[in-house]
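Engineer: One structure is given below, represented as structure tokens, and several questions about it will come after.
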Amino acid sequence: MNILVVGRGGREHAICKKVSESPLVDQVFAAPGNSGMQNCAKCISIEESDHEALVKFAKENGIELTIIGPEVPLLEGLADRFRAKDLLVFGPNKNAAEIEGSKSFAKYVMNKYDIPTAEYEVFTDFELAKAYVLEKGAPIVIKADGLAAGKGVIVASNTDEAISALQEFLLHNKFGDSSAKVVIEEFLEGEEFSFMALVHGTTIVPLELAQDHKRAFDGDKGPNTGGMGAYSPVPFISEHTKKIAFETILKPITEALIREGRSFTGVLYAGLIDTANGPKVIEFNARFGDPETQVILPRMKSDLVQVLFQLLKGETPYIEWHSDAVLGVVIAANGYPDAYEKGFILPDLGSLSNDSLVFHAGTIMSKDGNLVANGGRILLAAAYGDSLLDAQLRVYKALSKVHWEKIFYRKDIGHKAISHAVLNS
Ligand code: AMP
Ligand code: GLY
């Protein structure tokens, strides 16, 4: 069969690779894909936003399943378009993707159905928002309501910082319409983890856990980013906590979406904090996490395509996992997540590809055949290991052999899990 993957990032590279390994698959197409995918997918030059062309391509090329990677086309109704034409698609309709697209909607549903999350209020007026911050004190969390590429959250350690975020969001329209409304939220303490599940209506198939590293710099310092590295499994989150998160969060949210007339099909991503009072929701996403997918899919032993077909037929697939750990490190352009340079030539990645799994994100092939940087997050290198420490050593060793310029990467991906392992040994 032929499969279409919509998107162009590291997440889509990992999806294409996994899908291409299925014996059920003849050809994987990626729209528009990226220059690292040549071994696993045929890239076609259709933008994620060109819904008509995507539907036409799927019809004309006998696409039996389309997997939509990023949130923006989902929120623009791409999955609805496919379903309207009787094309099989893995990704939620627009009204279900709102669980990611509007933080105030997500909070409303969580509140209504008693799903554990931080206390909050929603504001559009700067003065009222400021008064609320002064009343609650710091630390406090300010979130742009809409999509902001992972950059719309400010964890403020004092009220001045919170108020200046409110100024940027509400008065200076930092993210346009996305920040015309803000959610102000209680600061939660505890370890963070990402819990994704494959969902179709009432069927929920949990994936292995991962932890993302959102801050730009070592020691979890610096601004929030789209993610600087990830690893799986997450040893300090017990099976018991995972079970509680499943029962108190994933199950009720899927049921809530059905009751709200927004039945969900796709990956439901819960960003959670394991607080003293149990796991609580920081955010929901309506798609595979990036970079979590790049470390979770390599651990999946089962055939993802078979799993998705079973799920979409209403069955509950069983997923088998490799016991090996996977740890991945993002190579980002200097300056990211703020202004950064594009267009510089990347070093030869031959040795890196031999020593690790390389998932491209912001790369492009220039006319003269050089691989050049074309985004803030350029690529992710990941390695398997018997333990997370082993995977960490392997990936950093592989990265250290490359002569990098104009980029940076965190040197401490996995630090929490590894110190946890040391403390418990
Ligand atoms: P988000 O984009 O919603 O995932 O938020 C980005 C990051 O901000 C999260 O990964 C957390 O580290 C932090 N964060 C968000 N909400 C809270 C909260 N209520 N309490 C503490 N930290 C938070
Ligand atoms: N890694 C966080 C996200 O995918 O939004």
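The values are calculated or read from the model by the stated rules, or taken from the named source; none is laboratory data. Small disclaimer: the values here were computed from a predicted structure and weren't measured. Glycine gets a Cβ as well: all are built from the backbone with ideal geometry, and neighbour counts include every protein chain shown. Surface accessibility is based on the protein's heavy atoms, side chains included, excluding ligands, DNA and RNA. Shrake-Rupley method; radii C 1.70, N 1.55, O 1.52, S 1.80 Å.
Engineer: Sort through Ser302, Ser353 and tell me the only one that's of a type outside the set (Val, Ile, Thr), surrounded by fewer than 20 Cβ atoms within 10 Å (Cβ to Cβ) and in contact (Cβ under 8 Å) with a residue 12 or more places away in the chain.
Structural biologist: Numbers: Ser353 fails: in contact (Cβ under 8 Å) with a residue 12 or more places away in the chain.
Only one candidate passes the filter, namely Ser302.
Conditions tested, residue by residue: (1) within 13 Å of ligand 1 (Cβ to nearest atom); (2) in a helix (DSSP H, G or I); (3) touching a residue at least 24 places away in the same chain (Cβ under 8 Å); (4) within 23 Å of the chain's Cα centre (by Cα).
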position: Asp80; (1), (2), (3), (4): no, yes, no, yes
position: Arg83; (1), (2), (3), (4): no, yes, no, no
position: Pro92; (1), (2), (3), (4): no, no, yes, yes
position: Ala97; (1), (2), (3), (4): no, yes, yes, yes
position: Ser104; (1), (2), (3), (4): yes, yes, yes, yes
position: Tyr108; (1), (2), (3), (4): no, yes, no, yes
position: Asn111; (1), (2), (3), (4): no, yes, no, no
position: Ile115; (1), (2), (3), (4): no, no, yes, yes
position: Glu121; (1), (2), (3), (4): yes, no, yes, no
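Engineer: If you don't mind, there's one more thing I want to ask. Out of the residues in region 388-425 that are modelled with pLDDT under 95 and small (Gly, Ala, Ser), state the one that is nearest to Ala332 (Cα to Cα).
Structural biologist: Ala417
Engineer: Out of Ile204, Ile249, Ile296, Ile253, I need the residue that is more than 17 Å from Glu100 (Cα to Cα), away from ligand 2 (no atom under 13 Å from the Cβ) and hydrophobic (A, V, I, L, M, F, W, C). Which one?
Structural biologist: Ile204
Engineer: Do you know which residues across region 195-210 are within 15 Å of ligand 1 (Cβ to nearest atom), in contact with a Ser or Thr (Cβ under 9 Å, 6 or more places away or on another chain) and assigned to a strand (DSSP E or B)? It would help to see each step written out before you state the result.
Structural biologist: Restricting attention to region 195-210, the residues satisfying the condition of being within 15 Å of ligand 1 (Cβ to nearest atom) are 195-196, 209-210.
Of the ones still in play, those that are also in contact with a Ser or Thr (Cβ under 9 Å, 6 or more places away or on another chain) are 196, 209-210.
Listed by number, the residues that qualify are Met196, Ala210.
Engineer: Further question on the same structure: Sort out which residues of region 257-305 are within 16 Å of ligand 1 (Cβ to nearest atom) and of a type in the set (Lys, Arg), and write them in order of number.
Structural biologist: Correct list: Lys280, Arg287.
Engineer: Turning to a different aspect of this structure: Contact list please: Cβ distance under 8 Å, first residue in region 213-226 and more than 13 Å from Gly376 (Cβ to Cβ) and open to solvent by 20 Å² or more (accessible area, probe 1.4 Å), second residue among the hydroxyl-bearing types (Ser, Thr, Tyr) and within 12 Å of ligand 1 (Cβ to nearest atom), pairs at least six apart or on different chains.
Structural biologist: Going by the 8 Å Cβ cut-off, the qualifying pairs are Lys214/Thr225; Arg215/Thr225.
Engineer: Which one is farthest from ligand 2 (Cβ to nearest atom) among residues in region 267-293 that are within 18 Å of Arg8 (Cα to Cα) and touching a Pro at 6+ places or on another chain (Cβ under 7 Å)?
Structural biologist: The selected residue is Ala286.
Engineer: Can you tell me how many residues within region 168-192 are outside any helix (DSSP H, G or I) and in contact (Cβ under 8 Å) with a residue 24 or more places away in the chain?
Structural biologist: 15
Engineer: Look at Lys243 and say whether it is of a type in the set (Lys, Arg), free of Cβ contacts under 8 Å to residues at least 24 places away in the same chain and in contact with a Lys or Arg (Cβ under 7 Å, 6 or more places away or on another chain).
Structural biologist: No: the conditions fail for Lys243.
Engineer: Within region 162-184, restricting attention to residues that are within 24 Å of Leu272 (Cβ to Cβ) and more than 21 Å from the chain's Cα centre (by Cα), which residue is farthest from ligand 2 (Cβ to nearest atom)?
Structural biologist: Per the criteria, the residue is Ala162.
Engineer: Output the number of residues of region 124-151 satisfying the condition of being part of a loop (DSSP other than H, G, I, E, B) and in contact with a Gly (Cβ under 7 Å, 6 or more places away or on another chain).
Structural biologist: The initial filter retains those residues of region 124-151 that are part of a loop (DSSP other than H, G, I, E, B), namely 124-125, 137-139, 145-151.
Next, from what is left, pick out any that are in contact with a Gly (Cβ under 7 Å, 6 or more places away or on another chain): 146-147, 149-150.
Number satisfying all stated conditions: 4.
Engineer: How many residues, within region 185-200, are over 18 Å from Gly278 (Cα atoms) and open to solvent by 10 Å² or more (accessible area, probe 1.4 Å)?
Structural biologist: Qualifying residue count for the region: 1.
Engineer: Return the only residue of Ala144, Ala131, Ala149 being surrounded by fewer than 16 Cβ atoms within 10 Å (Cβ to Cβ) and within 16 Å of ligand 2 (Cβ to nearest atom).
Structural biologist: The conditions single out Ala149.
Engineer: Looking at Thr316, Thr293, which is the one that is hydroxyl-bearing (Ser, Thr, Tyr), open to solvent by 50 Å² or more (accessible area, probe 1.4 Å) and either touching a residue at least 40 places away in the same chain (Cβ under 8 Å) or in contact with a Cys (Cβ under 7 Å, 6 or more places away or on another chain) (or both)?
Structural biologist: Residue meeting the stated conditions: Thr316.
Engineer: Looking only at residues that are buried (at least 20 other Cβ atoms within 10 Å of the Cβ) and assigned to a helix (DSSP H, G or I) in region 152-167, which one is farthest from ligand 1 (Cβ to nearest atom)?
Structural biologist: Taking the candidates together, the pick is Leu166.
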